[in-house]
Every structure is written in structure tokens, then in C-alpha cells.
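Have a look at the structure below, then the notes.
The values are calculated or read from the model by the stated rules, or taken from the named source; none is laboratory data. Everything numeric here is computed off the predicted structure, so don't read it as measured data. Note: ideal-geometry Cβ built from the backbone for every residue, glycine included; neighbour counts use all protein chains shown.
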Amino acid sequence: MLARRIIACLDVRDGQVVKGVQFEGLRAAGDPAELARRYDAEGIDEVVILDVTATLEARQARAQTIRAVSRELFLPLCVGGGIRTEDDAAAAIDAGADKVSLNSAALADPALLTRLAGRYGSQAVVVAIDAKRQGDEWIAYTRSGSASSAREVVGWAREAAAHGAGEILLTSMDRDGTKSGFDCELTAAVSDAVSIPVIASGGAGSFEHFAEVFVTGHADAALAASIFHFNTHGVAELKQFLRTRAIPVRT
């Protein structure tokens, strides 16, 4: 088993980190640069910035926030929210991002993934899939979780990988912010369908939840926000717990 990654997510609105439950009821969680500094010191493997209202407000993820965060990090930084064009991606990378994450724009124009992968390499192109269960399948949602794409998640994940995406950020909208555990069934369904890494997101509430999604969900990485932001659990302690479960993590 390859080393699993632990990723902190900074959901940003108006320059501040916020967190809600199932994409609603956002509350303040701190300054993005300060949180990034703390996570870097604690041993987080990567940081993701998602400008949660960028697509809805038809604007780019704020360059000043990206620059402020990137100055605090010596590890990979992924930026999403409002990345609609090659120019938007270039602006994020020029501001300090190592990767860009696309959701709505990728669904609208999958060929954009191919163009970005050709320009920056597949490792820099992440497809964010916000998934909601409907009956026996999951449907991908767009526009910060406010609109159904009518696309079935597993099929869309395969298509995104075929178009050049190097990684999938898979969020269970049903579990988001609930601290009830990752959706391991969803994560395994996507992980087993594609050959690129899958980041599990939505529902982390305990160390055990991380172990479950790595073993049962076959995730390559796990992302969390609330349990890190509000000091519920520490990164170093989480990694030590995973080692006791024989799950390899990065030092």
C-alpha cells in the first residue's frame, strides 16, 4: 500500500475560511494564511483552497488569498472555485497554486481538462466531484452543490480521467460537515473505476473514519476541514493512529 495523504481543506468566502454542513449554514473558521501556517507546522501533506462562492458569483478564486497561503506552505497547494478557463487556471498557478481543481467547467467542457493537462501536466489537474446519492447511484452536482448535472458520478469520473485529469476530489454532499464518517461505498465505487488517485471528502469526524476510508473506501487521500480547523483532532496524532493500523502515511 502506498503512503496515504492527509489533506486540509480551506473553504474560503470573502477572504475568510468558513465551514458548513451539507454545503449550507457557513460559519467562520479563521484566516486562511494562519491556518495554512499551522497545518504546515503540524505535518499536513497538502492544502486545498476552495473559494466556495466563486462560481456562483462568476469570479476567480481570489489571487491575494492564494498568494498569502502559498507563502506559508512548503507542500502542494490546490486551488478551486471559479476556474472556468485556461486563463483562470493560469492566474491561480501564477499566484502560487501547484494544482487547480475544476467542477462546473469540467462538466460543461471536458476537453478543458485535456488542454490544461497538456499545458501543466495531468498531476496539476484535479476534477472535483460533488456527489449526492439518488436511489442506487450518485449524481454529480455543480455550482457549489446547488444544481444537479444529471451525470452519474462513476461514469463521469471515468470520463474525466480519460480527458486528462490526474486526480479526483470526491465529496459526499450527504456527509459534508456531519462528522458521521466518509461515504466509503461512494469512494470505493469511484476508486475502483479509475486508475488515478481519489481524494475522499465529506464526513470526517474521528481517526477511525480515516482508517475506514483508506481500507474500505480504497481512497488514496482523505480531506477534512472541521476536525482540523476547530482543533478537534491534530494531524500528527492522526498519522500516528493510522500507523498503528498499519496504514502507511507520509512522515
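For the reader, a short list of remarks on this structure follows.
- Here Ile129 meets the list (1) closer than 18 Å to Val79 by Cα; (2) without any contact (Cβ under 8 Å) to a residue 60 or more places away in the chain almost entirely, failing just condition (2).
- Considering the stretch 158-250, the qualifying strands (runs of 3 or more DSSP E), each wholly inside and each with 1 or more residues that are in contact (Cβ under 8 Å) with a residue 24 or more places away in the chain, in contact with a Pro (Cβ under 8 Å, 6 or more places away or on another chain) and surrounded by 18 or more Cβ atoms within 10 Å (Cβ to Cβ), run over 167-172, 221-224.
- Inter-residue pairs, beta-carbon under 6 Å, first farther than 18 Å from Ile7 by Cα and in the stretch 63-76, second at pLDDT 90 or above, 6+ apart: Ala63/Ala95; Arg67/Ala95; Arg67/Gly96
- Among residues of the stretch 78-94, those that are under 19 Å from Ala200 (Cα atoms) and either free of Cβ contacts under 8 Å to residues at least 12 places away in the same chain or assigned to a helix (DSSP H, G or I) (or both), counted: 0
- Meets criteria (crowded, with 22+ Cβ neighbours inside 10 Å, touching a Leu at 6+ places or on another chain (Cβ under 9 Å) and in a helix (DSSP H, G or I)) for Ala97: no
- Ala91 being at pLDDT below 95 and within 24 Å of Ile7 (Cα to Cα): yes
So that you can scan it fast, the table gives a plain yes or no per residue for (1) touching a helix residue (DSSP H, G or I) at 6+ places or on another chain (Cβ under 6 Å); (2) modelled with pLDDT under 95; (3) on the phi < 0 side of the Ramachandran plot:
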| site | (1), (2), (3) |
| --- | --- |
| Ser191 | no, no, yes |
| His209 | no, no, yes |
| Phe230 | no, yes, yes |
| Val235 | yes, yes, yes |
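- Failed condition for Ala131, given (1) within 25 Å of Asp98 (Cα to Cα); (2) small (Gly, Ala, Ser); (3) out of contact with any helix residue (DSSP H, G or I) (no Cβ under 8 Å at 6 or more places or on another chain): (3)
- Only a single item in (1) over 24 Å from Ser70 (Cα atoms); (2) assigned to a loop (DSSP other than H, G, I, E, B); (3) touching a helix residue (DSSP H, G or I) at 6+ places or on another chain (Cβ under 6 Å) is not met by Trp138, and it is number (2).
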